[in-house]
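The values are calculated or read from the model by the stated rules, or taken from the named source; none is laboratory data. Please read these numbers as outputs of a predicted model, since none were measured by experiment. Cβ coordinates were reconstructed from backbone atoms using ideal geometry, including for glycine residues, and neighbour counts include every protein chain displayed. When the accessible area is computed, the model is the full protein with side chains, heavy atoms only, and any ligands, DNA or RNA have been set aside. Shrake-Rupley method; radii C 1.70, N 1.55, O 1.52, S 1.80 Å.
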Amino acid sequence: MAEGKREIDELRQDIAKLDAQLLVALDKRARTARRLREVRKDQAPSIPLTDHAALRALVARSNGDMPQESLRDIFREIFAACLALELPVKIAYVGPEGGSGHAAVRGRFGRTSSLVAAEATAAALDEVTRRRAEFAVVPFETATEGPVQSSILALMASDLRIVEVLDATFDLHLMNRTGNSADVEKIYATAADHALCQRFLAGQTPRPSVLDVKTPLMACQLAVEDHGAAAIASETFGAQLGLEVARRNVLDAGGERVRYAVVGSRPSGRTGDDVTSLVFSVQDAPGSLLDVLRVFAERGINLSNIQSHPVEGQTWQYLFYVDMAGHFTDRPLVMALEEMKRITRFFKVLGSYPAP
């Protein structure tokens, strides 16, 4: 028994030493990020585009002792915290405080970044256009419905470019101070989140009262102050305020994979593993779409995604959205885009960015 206790104490001491070493390394990384800030102060703000590849490479190098998902989350948090030190800029995002857009932008740009909420994509892009923010983070694509049409239309009307795409999961949980759903007498939620969880709420016995609030962050703050209350919110913000998950994944339709586009005034550079997104409409003639697809096929350009949507206000007219491998400055894409100017009714490059 004494031998076992001694070994436990020694292992705890080893962990404490390792934690101290981690702290030294993190402080050094933070100092390096601040140094980068000084070196870059006279340059136009730009996102380090190699972060996605660097994160994948770090996780791949692990010997497996640390679970890959945990390792990925840890390094994402480190990257975000240091980016906030390196790139102290203002970022606009779509949605309320504590919502999925807020979580996505904070997960990339760090908790200490200067953030401004916008009600719609067009408003977020306008913050960048008017130079009140350097970047905007907007909903771009969902796993179930594809490209977000309001965002595509706003990007079409703008001179801004997509410079990066962020993968995220939209899910909601019932959270309170105790982590026990039996303690819940009332629930704070936004009207939108309430609507997304109606079946779950209707199935609760006894049925708690639901009180509408303006933002998910406000719901969490009120739940912290009231022992008998809970919030419907993301785990990111609830846990930060001290709430525990009482019921996980309360969305009626289940969690949703979402991609957010980071949009800026300057196009991104090439990384060697890029994706280009564009939209176009074809001439009203037989074989018009085939002619466009042939432009890409003849130049060996891989189209990873193509979808069509009706053009608002025009009967039987369609807008095509395409993702393709490569950067818009790659020679095959340059040649293809020049040809598209000739044969399409309309086309616009939305941006090139590192492959997610």
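The table for this structure:
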| quantity | calculated |
| --- | --- |
| Length-normalised contact order of the chain in % [C-alpha pairs under 8 Å, at least 6 apart] | 17 |
| Student exercise, the chain dipole from Lys, Arg, Asp, Glu Cβ charges, in Debye to nearest 20 | 960 |
| Burial ranking of peptide ranges 188-199, 277-288, 259-270, 29-40 (average Cβ count within 10 Å, highest at the top) | 259-270, 188-199, 277-288, 29-40 |
| Gyration tensor verdict on the range 197-356 (Cα atoms; rounded if a/c is under 1.5, prolate if a/b is larger than b/c, oblate otherwise) | prolate |
| Cα shape, the range 237-291, gyration tensor, a/c 1.5 rule | oblate |
| Dipole magnitude (debye, nearest 20) for the range 1-113, charges at Cβ of Lys, Arg, Asp, Glu | 600 |
| Residues in the range 127-164 that a label on R299 would reach, taking backbone N under 19 Å of a point 7 Å out along Cα→Cβ | 162 |
| Extreme residue, positive dipole direction of the range 105-214, given options T129, V105, I152 (C-beta unit charges) | V105 |
| Mean-position separation - Cα centroids, the range 211-250 and the range 284-352, in angstrom | 45 |
| Separation of the D183 and H227 label points, Cα + 7 Å toward Cβ, nm | 0.9 |
| DSSP H segments from the chain that extend 20 Å or more along their own axis, Cα-based, with Kyte-Doolittle mean of -1.0 or above | 2-39, 68-86 |
| Carbon/sulfur fraction of accessible area - the chain, other protein chains in place, 1.4 Å, % | 51 |
| Antiparallel content of DSSP bridges confined to the chain, in %, to 5 | 75 |
| Given charges at beta-carbon only (K, R positive; D, E negative), |dipole| of the range 213-321 in Debye | 240 |
| Shape category assigned to the range 1-156 from the gyration tensor of Cα positions, a/c cut at 1.5 | prolate |
| Measure of compaction for the chain (Cα Rg per 2.2 N^0.38 Å) | 1.16 |
| Lysine pairs in the chain with Cα atoms under 29 Å, if 8 or more residues apart or on separate chains | 8 |
